[in-house]
Amino acid sequence: MAKRFPEIIINFKIYTEGFGKAGHRIAEAAETVMNETGVIIGIAPGYMDLHPMSMHYSLPVYAQHIDPVKPGAGTGHILADAVVSAGACGTLINHSEKRLTLADISLAVEIAKSVHLETIVCTNDVFTSAAAAAFSPEFIAIEPPELIGSGVSVSSADPGIIENSVRAVKNVSGSTKVLAGAGIHSGNCIKTAMDLGADGVLLASGVVKAKDPYAVLTDLAGGVI
């Protein structure tokens, strides 16, 4: 049986609602919805919460970033080996708020693969999506930066970028899945994105800043089913 990957991945970013007890509230809601619906939900909490959340929940847990460096004499870097040790199954790379050069994306993906971390490479346009697909990450997450946190879904604001990115990525790496990101906030957003060819979504504030994460996640999961 083929491994199932998340259809919904929540980036907790560094919102105050996303760490400590508040972050656990979101993780608990995500696990409940995943168990109720069968939709796989992944989370990307802050580094301090990687280990406790990977121990307490059955959710796939992702780091928000890794640096393209290997263990050795360095200070302040986020190592792929360290996030694996903390319990993460994968990592975001090149998020719009943590950009890397193309060469560094390549190296970060290579290092992640060497320690069996799933990779989610974030991109901002079709050209970059195709370029990143050459590294064969598990996911490409297409996120037009102007829509991030806007509440305006990429599914409705720029459906062409999803369709064209899916086509470009699949032409380069047929095994790489495509996530739609930026402004995703409802089940309708997800349904539209998946109708356009996306395999799932990456979102943040729509869940993390919600008063009732369980209700939002239930609605989101409904767009997948």
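Going by what's in this entry, would residue 24 be described as touching a Pro at 6+ places or on another chain (Cβ under 9 Å), over 21 Å from residue 186 (Cα atoms) and outside any loop (DSSP other than H, G, I, E, B)? So residue 24 fits the description; yes.
The residue of the stretch 172-197 that is farthest from residue 133 (Cα to Cα), among those that are crowded, with 20+ Cβ neighbours inside 10 Å and modelled with pLDDT of 95 or more, is 179. Residue 210 meets the stated requirement of being part of a loop (DSSP other than H, G, I, E, B) and either at pLDDT 90 or above or crowded, with 17+ Cβ neighbours inside 10 Å (or both).
In the stretch 1-21, the residue that is nearest to the chain's Cα centre (by Cα) out of those that are of a type in the set (D, E, K, R) and in a helix (DSSP H, G or I) is 17. Residues in the stretch 67-85 that are in contact with a Leu (Cβ under 7 Å, 6 or more places away or on another chain) and closer than 26 Å to residue 40 by Cβ: 3 in all. May I ask you to verify whether residue 218 is on the phi < 0 side of the Ramachandran plot and modelled with pLDDT of 95 or more? In short, yes.
Could you check how many residues of the stretch 31-69 are of a type outside the set (Val, Ile, Thr), in a loop (DSSP other than H, G, I, E, B) and closer than 19 Å to residue 118 by Cβ? Spell out how you get there, then give the answer.
Step one: list which residues in the stretch 31-69 are of a type outside the set (Val, Ile, Thr), which gives 31, 34-36, 38, 42, 44-60, 62-65, 67-68.
Adding the requirement that they be in a loop (DSSP other than H, G, I, E, B) leaves 38, 45-46, 57-60, 64-65, 67-68.
Still in the running and closer than 19 Å to residue 118 by Cβ: 45-46, 57-60, 64-65, 67-68.
Number satisfying all stated conditions: 10.
Looking only at residues in the stretch 102-150 that are hydroxyl-bearing (Ser, Thr, Tyr) and surrounded by 22 or more Cβ atoms within 10 Å (Cβ to Cβ), which one is modelled with the highest pLDDT? Once the filter is applied, the top-ranked residue is 119.
Could you list, in sequence order, all residues of the stretch 56-101 that are among the hydrophobic types (A, V, I, L, M, F, W, C) and at pLDDT below 95? Step through it out loud before you land on a result.
Narrowing the stretch 56-101 to residues among the hydrophobic types (A, V, I, L, M, F, W, C): 59, 61, 63, 66, 69, 73, 78-80, 82-84, 86, 88-89, 92-93, 100.
Selection gives 73 alone.
For residue 74, the conditions (1) assigned to a loop (DSSP other than H, G, I, E, B); (2) buried (at least 22 other Cβ atoms within 10 Å of the Cβ) are fulfilled apart from (2).
When residue 61 is tested against (1) more than 22 Å from residue 34 (Cβ to Cβ); (2) crowded, with 19+ Cβ neighbours inside 10 Å, exactly one condition is not met: (1).
The values are calculated or read from the model by the stated rules, or taken from the named source; none is laboratory data. Since we're looking at a predicted model, the values are computed, not measured. Glycine also receives a Cβ, built like all others from the backbone with ideal geometry; neighbour counts cover every protein chain displayed.
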